[in-house]
Amino acid sequence: MKRNRYVVALAGVVLHLMIGSVYAWSVFTKPIAAETGWSIKAVTFAFSLAIFFLGMSAAFMGRLVEKYGPTVTGTVSAILFGLGVMLTGVAIGAHQLWLLYVCYGVIGGVGLGAGYVTPVSTIIKWFPDKRGLATGLAIMGFGFAALLTSTVANHLLSLKSVGLEKTFYILGAVYLVVILLAAQLIKRPQPGEVPVQTNLPKSSTGVQMKANDALKTPAFYCLWFMFFINITTGIGLVSMASPMAQEMVNMDAAKAAALVGIIGLFNGFGRLIWASLSDYIGRPLTYTLIFVVDILCLGTILYLRQELLFSIALCLLLSCYGAGFSVIPAYLGDVFGTRELGALHGYTLTAWAVAGMVGPTIITYTSHGSDYSKTLLIFIIIDVISLLVSFFVKTQIKLMKKA
């Protein structure tokens with residue numbers, strides 16, 4: 001029986017909606033700190049640890065997607081992430097900070113890595129004619145997850161019969177069951193189940209390269225660096241959005257909070273819109289435009305300091321941040337083929353782990369009170385470097401085509 005590729009794509013969206021709940025961790029930081037006496041900084045570190053293990057484990061999990069298939073890695077994600085979240089409740093109840101780090105940061109983080117790589121390369125194989133749309137759909141779920149999870153979590157926390165510990169038990173159980181069910185629908189396409197691709201993307205080299213062979217090419221490291229810089233800038237802006245709005249353009253706290261919610265929408269929709277656009281204008285031009293928009297918007301925030309322009313610029317910047325995640329898998333598929341795309345995507349996600357450490361470090365050492373000038377200037381400089389790299393990678397693609 002011929003399977004429907006949109007069902008596979010929908011399953012990928014659902015899976016990413018579950019694991020993307022990691023972005024709602026800030027909802028829990030104050031309640032956990034109040035319950036246990038741990039500092040906000042100590043509780044927040046569990047999130048940083050989870051993102052680090054997501055990025056680092058993705059390289060290994062990407063290999064497993066190619067070897068055993070997406071249903072297996074999706075099942076692993078369900079067990080590890082669901083269990084990690086449930087055990088987080090145990091750690092809070094026992095008031096053991098180290099256990100929180102192990103359960104949410106390590107176990108949950110590895111589950112995140114397994115879940116993140118599970119649908120992306122598979123969905124691209126189902127949509128050879130619409131690679132950008134396919135990855136945009138899958139990764140859009142990850143961007144919107146925080147809105148869904150924060151709403152549900154706040155409701156559970158408000159119920160006296162549930163409370164903090166039970167909230168994690170309930171959420172963990174839901175994640176386990178839903179991810180497990182979604183994983184059963186994410187299968188590789190069989191011959192005849194996908195449309196024949198007649199027009200190759202502009203950035204396509206026409207090769208089908210093994211992941212380890214791709215690591216020997218300059219093009220891979222160019223794409224890794226571009227992805228790394230995009231995330232470094234984006235993570236920095238996400239973490240600074242509210243205080244920057246209040247201190248740079250005198251926005252009140254309520255407006256700043258609303259702006260944070262709005263940029264979350266741009267982060268989510270940006271993943272789909274930019275990725276879909278890349279199907280028409282090509283991945284190289286799309287990534288070049290991402291950095292051009294970044295530079296212009298960062299300059300606007302740094303030099304103009306006007307509330308409306310600040311808000312527009314920040315929204316566009318966060319759409320570019322989301323775009324980096326959704327465009328890079330399709331870009332990798334164009335340049336290196338889809339033969340071992342899951343593994344290659346996993347290798348590239350190590351940039352996320354590194355950026356998660358570098359971004360906050362830049363902020364810590366360059367922002368002083370209400371002065372974000374040095375931070376923004378550094379972001380502009382590294383984006384300019386990435387813009388130049390985006391031109392250089394085009395020459396590498398041309399060389400690969402001729403080889």
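The values are calculated or read from the model by the stated rules, or taken from the named source; none is laboratory data. On a predicted model such as this, the values are computed, not experimentally measured, just so you know. All Cβ positions, even for glycine, are placed from backbone atoms using ideal geometry, and neighbour counts span all protein chains on display. The area values use the complete protein model at the heavy-atom level, side chains included, leaving out ligands, DNA and RNA. Shrake-Rupley method; radii C 1.70, N 1.55, O 1.52, S 1.80 Å.
Shape index of the stretch 210-304: Rg/Rh, with Rg the Cα radius of gyration and Rh the Kirkwood radius from the inverse mean 1/r over Cα pairs, equals 1.06.
Take the alpha-carbon centre of the stretch 324-344, take the same for the stretch 56-113, and report the distance between them in whole Å. Computed from Cα coordinates, the inter-centre distance equals 24 Å.
What 222 nm value per residue comes from the helices of the chain, counting each DSSP H run with n ≥ 4 as -39,500 (n - 2.57) and dividing by all residues, nearest 500 deg cm²/dmol?
Working: 16 runs with 322 residues, N = 403.
About -27500 deg cm²/dmol.
Got a number for carbon plus sulfur as a percent of the stretch 57-192's accessible area, 1.4 Å probe? Write down the numbers at each step before the final one.
Details: 3600 of 4960 Å².
It is 73 percent, rounded to a whole number.
A Gaussian network model of the chain, with springs between Cα atoms under 10 Å, assigns the largest mean-square fluctuation among ALA353, ALA34, ALA138 to ALA34. Which residue fluctuates most in the GNM of the chain (Cα springs below 10 Å): ILE263, ILE378, ILE328? Judging by the Gaussian network model, the answer is ILE378. Computed as a quarter of the hull surface, the mean projected area of the alpha carbon convex hull for the stretch 1-69 stands at 6.6 nm².
For LYS30, the lysines whose Cα comes closer than 25 Å to its Cα, not counting residues fewer than 8 places off in the same chain, are LYS41, LYS160, LYS166, LYS255.
Is the stretch 249-320 rounded, prolate or oblate when judged by the Cα gyration tensor, a ≥ b ≥ c being the square roots of its eigenvalues, rounded requiring a/c under 1.5 and prolate requiring a/b larger than b/c?
oblate
Over 25 Å between Cα atoms: which of LYS67/LYS401; LYS130/LYS187; LYS374/LYS394; LYS2/LYS130; LYS2/LYS401; LYS67/LYS394 fall into that group?
Details: LYS67/LYS401 28 Å; LYS130/LYS187 18 Å; LYS374/LYS394 31 Å; LYS2/LYS130 19 Å; LYS2/LYS401 34 Å; LYS67/LYS394 31 Å.
Long pairs (Cα-Cα over 25 Å): LYS67/LYS401; LYS374/LYS394; LYS2/LYS401; LYS67/LYS394.
Once the C-beta distance of LYS255 and GLN208 is scaled by a Förster radius of 35 Å, the resulting FRET efficiency is 0.10 to the nearest 0.05.
Indicate the gyration tensor shape class of the stretch 336-403 (rounded, prolate or oblate), computed on the Cα atoms with a ≥ b ≥ c the square roots of the eigenvalues: a/c under 1.5 is rounded; otherwise a/b larger than b/c is prolate and the rest oblate.
Values: a/c = 5.95, a/b = 1.85, b/c = 3.21.
In terms of gyration-tensor shape, oblate.
Each residue of the stretch 88-95 is assigned a 3J(HN,Hα), and the resulting list reads 4, x, 5, 4, 5, x, 7, 6 Hz, derived from the Karplus form 6.51 cos²θ - 1.76 cosθ + 1.60 (θ = phi - 60°), x at Gly and Pro.
From the Cα gyration tensor of the chain, with a ≥ b ≥ c the square roots of its eigenvalues, which class applies: rounded if a/c is under 1.5, or else prolate if a/b is larger than b/c, or else oblate? Kindly include the intermediate steps, with their values, before the conclusion.
Working: a/c = 1.83, a/b = 1.14, b/c = 1.61.
Verdict is oblate for the chain.
Cross-link partners for LYS210 among the aspartates and glutamates, with Cα-Cα distance under 12 Å and sequence neighbours closer than 8 places in the same chain left out: GLU66, GLU340. For the stretch 80-200, the solvent-accessible area of protein heavy atoms averages 39 Å² per residue (probe radius 1.4 Å; ligands and nucleic acids excluded). Take the Cα of THR364, step 7 Å along the line toward its Cβ, and report every residue of the stretch 218-235 whose backbone nitrogen sits under 13 Å from that point. Answer for the stretch 218-235: none. Starting from the Cα-Cα distance between GLU247 and LYS30, subtract it from 0.36 nm times their residue separation and give me the gain in nm to one decimal. Length gained, GLU247 through LYS30: 75.8 nm. Listed by chain and number, the aspartates and glutamates whose C-alpha is less than 13 Å from the C-alpha of LYS398, apart from same-chain residues fewer than 8 away, are ASP334. Would you mind estimating how fast the stretch 46-146 diffuses translationally, via Stokes-Einstein at 10 °C and 1.306 mPa s with the Kirkwood radius over Cα pairs, in µm²/s? Value of D from the Cα-based Kirkwood radius: 113 µm²/s.
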